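The values are calculated or read from the model by the stated rules, or taken from the named source; none is laboratory data. Everything numeric here is computed off the predicted structure, so don't read it as measured data. Here the Cβ positions follow ideal geometry from the backbone for every residue, glycine too, while neighbour counts run over all protein chains shown.
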Amino acid sequence: MFKRFFVLLVFIISGVVLAQETPPSFFTLANEAPIVARGNERTDWDRQYTDPGAVFYHEGKFHMFRNGFVGWPASVQIGYLVSDDGINWIEPQDEPVLRSEEVPYAKTAALASSAIVLDDGTWALYFYTWNTGSGASGKGAIGRATADNPLGPWTVDADPVLLPGAEDAWDGESISAPQIVKTEDGYLLYFTGYDKERTQQIGVATSTDGIVWEKYAQNPILTVDAEWEGMHVHHARVVHTANQYVLVYRGSGNNQDSMGLGLAVSDDGFSWTKYANNPIFAPQQIPEQQAFWFTAATWHADTLYVYVEAMPVFNTTDIYVLTYSGELPPAD
C-alpha cells in the first residue's frame, strides 16, 4: 500500500502508462464499472480510497466489510455492505460500523481483512493494524472484533490475536492481511509477513477457537520465487472448494509492469503448488485501470469471486469483481 504515491509519481514523470504483457484470459470481469465506488462528497470518509477488505458468503447473502480512507497513511474506517449475487451491493447505513480510533493498539489505522460467523452466531471481524507512516516497519499486528450482528456495535479484543515474529524472522517487521478459514479441526489464519529487507511472504497459523493462535513451524508456506513477484508474495485470499484449498495472492514486482495476481492450490492448506502460468491477472485487464492494491475472495455455487481495489492513473481507488466458474484447471 505504501507504493500508491510512488506509482502515481512514475506516471506523472514519465507521461506514459506503463504496460505489461496481458496474461491469458482466466477471470471474467463481472462489470466494467466499479461494483462499489468510493465516496464522492468532500466530507465522505471514503472519498479517495476504498478496498474490499473482508468478503464472505453466509446464509444466502454475500457480506463485505470494506475499508475507506482519505490519503495514506491515514485513519481507516470500515463500512458494511450486503449482496444477493456478489455483484450488486447495498450499504444499509452511510456511516462506518468500526473506526480505527476504536482499536487501542492501532497507531495509524486498522483495516478489515477477513470475517466469519461463529457457531454461536457471533460475528467475528479480523483486521490488521498499520502503525507507521511509511514502509513495512512499525510492528503491525492482527486483531479481532466481535458483534451480535454486522452493524454492531463491535467490541474490539483488548490485545492483538497475532503478533510479528522475532526480530530476524521472516515476519519480524510486521504482519498483515489476515484471512481466516474454518476447518473440521478449528481455524486456519493466513497472513503476510514482512522481514527486515521488506520481502513479503505468506504464513499460516492454527487455532481451535479463533482467538489463541499458533504459527505453523514451517512458515512461510508461500515464498517469492518468480521475477514477476519481485519481493512481494502477499495478500493471501484463501477459499476451500469442494475438493481443495485455493489461494489467490498478489505479486508486486520491482516495477509497476510486473504487478499481478497469482494462484496456488493445496490439498491440506499447508503445502501449496503455484500455477505454472502465473500471473493469471493484471490490472490493465480492467478498463482504464493501471494498478490494484488490496483484494478479497470468497467461494459460492462453484464460483470463485475475487474483489480488487483498482486504481486508474489518478490517485483514487474503487472496487471491482472478477469471477471464475467451474472446476479450476490443474496447477501444472
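Quick check on V238: is it buried (at least 21 other Cβ atoms within 10 Å of the Cβ) and within 20 Å of W299 (Cα to Cα)? Working first, answer last.
Working: buried (at least 21 other Cβ atoms within 10 Å of the Cβ): yes; within 20 Å of W299 (Cα to Cα): yes.
For V238, the condition - buried (at least 21 other Cβ atoms within 10 Å of the Cβ) and within 20 Å of W299 (Cα to Cα) - is met.
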| remark: Considering the range 120-152, residues that are of a type in the set (G, A, S) and at pLDDT 95 or above, and then whichever is nearest to L81 (Cα to Cα), we arrive at G152
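Would it be correct to say that S100 is free of Cβ contacts under 8 Å to residues at least 40 places away in the same chain and closer than 21 Å to P164 by Cα? Steps first, please.
Values: free of Cβ contacts under 8 Å to residues at least 40 places away in the same chain: yes; closer than 21 Å to P164 by Cα: yes.
It is true that S100 is free of Cβ contacts under 8 Å to residues at least 40 places away in the same chain and closer than 21 Å to P164 by Cα.
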| task | Please identify the pairs in which a residue from the range 147-165 that is under 17 Å from A106 (Cβ atoms) has its Cβ atom under 8 Å from the Cβ atom of a residue that is at pLDDT 95 or above and of a type in the set (D, E, K, R), counting only partners at least 6 apart or on another chain. | result | W154/E102; V156/E102; V156/R144; D157/R144; V161/R144; L162/K215; P164/D171
| said: Given the condition of a type in the set (G, A, S) and either touching a helix residue (DSSP H, G or I) at 6+ places or on another chain (Cβ under 8 Å) or buried (at least 21 other Cβ atoms within 10 Å of the Cβ) (or both), answer yes or no: does some residue in the range 177-192 qualify? | reply: yes
| remark: Inside the range 268-297, the number of residues satisfying the requirement of being closer than 22 Å to Y49 by Cα and either part of a strand (DSSP E or B) or touching a Lys or Arg at 6+ places or on another chain (Cβ under 7 Å) (or both) is 8
| message | Every residue in the range 310-332 that is surrounded by fewer than 21 Cβ atoms within 10 Å (Cβ to Cβ) and outside any strand (DSSP E or B), please. | response | P312, V313, F314, N315, T316, G326, E327, L328, P329, P330, A331, D332
| request: Among the numbered conditions (1) out of contact with any Ser or Thr (no Cβ under 6 Å at 6 or more places or on another chain); (2) crowded, with 21+ Cβ neighbours inside 10 Å; (3) over 15 Å from F294 (Cβ atoms), tell me where V82 comes up short. | output: (2)
| Out of all the residues in the range 308-321, is one or more more than 27 Å from Y128 (Cβ to Cβ), aliphatic (A, V, I, L, M) and at pLDDT below 95? | yes
| field | Residue list for the range 153-170, restricted to those being surrounded by 15 or more Cβ atoms within 10 Å (Cβ to Cβ), hydrophobic (A, V, I, L, M, F, W, C), part of a loop (DSSP other than H, G, I, E, B) and in contact with a Gly (Cβ under 8 Å, 6 or more places away or on another chain) | value | V161, A169, W170
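Would you mind finding the one in A226, A205, A242 that is hydrophobic (A, V, I, L, M, F, W, C) and under 14 Å from L188 (Cα atoms)?
On the way: A226 fails: under 14 Å from L188 (Cα atoms); A242 fails: under 14 Å from L188 (Cα atoms).
Criteria check complete, one pass: A205.
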| Looking at P150, is it assigned to a loop (DSSP other than H, G, I, E, B) and farther than 18 Å from D318 by Cα? | yes
| message | Can you find a residue that is surrounded by fewer than 19 Cβ atoms within 10 Å (Cβ to Cβ) and free of Cβ contacts under 8 Å to residues at least 12 places away in the same chain anywhere in the range 118-130? | response | yes
